[in-house]
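Working notes for the structure below.
None of the figures in this text is laboratory data; all of them are computed from the coordinates on show. Worth saying up front: this structure is predicted, and the values here are computed from it rather than measured. Glycine also receives a Cβ, built like all others from the backbone with ideal geometry; neighbour counts cover every protein chain displayed.
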Amino acid sequence: MSAYFSALTTLACSVIGGLRSLLAAWLTKRSEAEAQQLAHDSDRRRNLYKQFIDEASRMYADALSTTTPPVFVSIDAMISQMRAISSLQVVAKAEKVASVIADTYSSPNMNFIELLNSRQIDVLRDFRDACREELRHLPRSAP
């Protein structure tokens, strides 16, 4: 009887040890998958913000020299994407940039000196600062 009890105890300990190993492996894989997803989301935002800055810069430069506004489809699409994945602060700053660009198309054209004197040369500063603050709290994927 004692031999059976000893064998059952050993078997139970082995099963429990195996289950612990299985659970630890599952938790580790789950944790790694979550970290990868967060890093992917962070990279996606970084790319979106870079595209927005590139397009907004191009459009703002164009707005300074012409009064014919282009279609705002690309910048509007990027803001819509930001609404789905970004903080409210980032979205608000992006909308402000788009508004400044639209207003600039209806303003008289400016040369570089007039632009410097107007202090409107860096219309993306608040947007970049909001993006930097948001991204600072997100993980980055490994290069």
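Treating only the Cβ of Lys, Arg, Asp and Glu as charged (+1, +1, -1, -1), what charge dipole size does segment 41-136 show about its Cα centre? Round to the nearest 20 debye.
Details: 13 positive and 14 negative charges, 53 e Å.
It comes to approximately 260 debye.
Stretched out fully, how many nm does the piece from S31 to D122 gain, at 0.36 nm a residue minus the Cα gap?
So the chain would gain 28.7 nm between S31 and D122.
Taking Cα atoms, how many degrees apart are the long axis of helix 2-65 and the longest axis of the chain, rounded to 10 and kept between 0 and 90?
Taking Cα atoms only, the helix is inclined about 0 degrees.
When the chain is fully extended, how far beyond the present Cα-Cα distance does S14 get from R44, taking 0.36 nm per residue of separation?
Values: separation 30, 0.36 × 30 = 10.80 nm, distance 4.49 nm.
This chain segment gains 6.3 nm when fully extended.
What 222 nm value per residue comes from the helices of the chain, counting each DSSP H run with n ≥ 4 as -39,500 (n - 2.57) and dividing by all residues, nearest 500 deg cm²/dmol?
Numbers: 5 runs with 114 residues, N = 143.
That calculation yields -28000 deg cm²/dmol at 222 nm.
Sequence gap at least 6, Cα distance under 8 Å: using those rules, report the relative contact order of the chain to the nearest whole percent. Before the final figure, lay out the partial values.
Details: 84 pairs, mean separation 49.2, N = 143.
Taking the mean separation of contacting Cα pairs over the length of the chain, I get 34 percent.
Residues with beta-carbon under 15 Å from that of A84, excluding A84: net charge, scoring Lys, Arg +1 and Asp, Glu -1? Provide the component values of the computation, followed by the final result.
Working: positive: R44, R45, R83; negative: D41, D76, E95, E134.
That sum, taken over residues with Cβ under 15 Å, equals -1.
Quickly rank 56-62, 91-97 as a protection proxy: mean count of other C-beta atoms within 10 Å, highest first.
On the way: 56-62: 16.9, 91-97: 19.1.
Ranked by mean Cβ neighbours within 10 Å, highest first: 91-97, 56-62.
Select one label from [x] 1.05; [y] 1.88; [z] 2.07: the one whose number is Cα Rg over 2.2 N^0.38 Å as derived from the coordinates shown.
This structure yields the entry labelled [y].
On C-alpha positions alone, give me the angle between the axis of helix 88-105 and the longest principal axis of the chain, in degrees, nearest 10.
20 degrees
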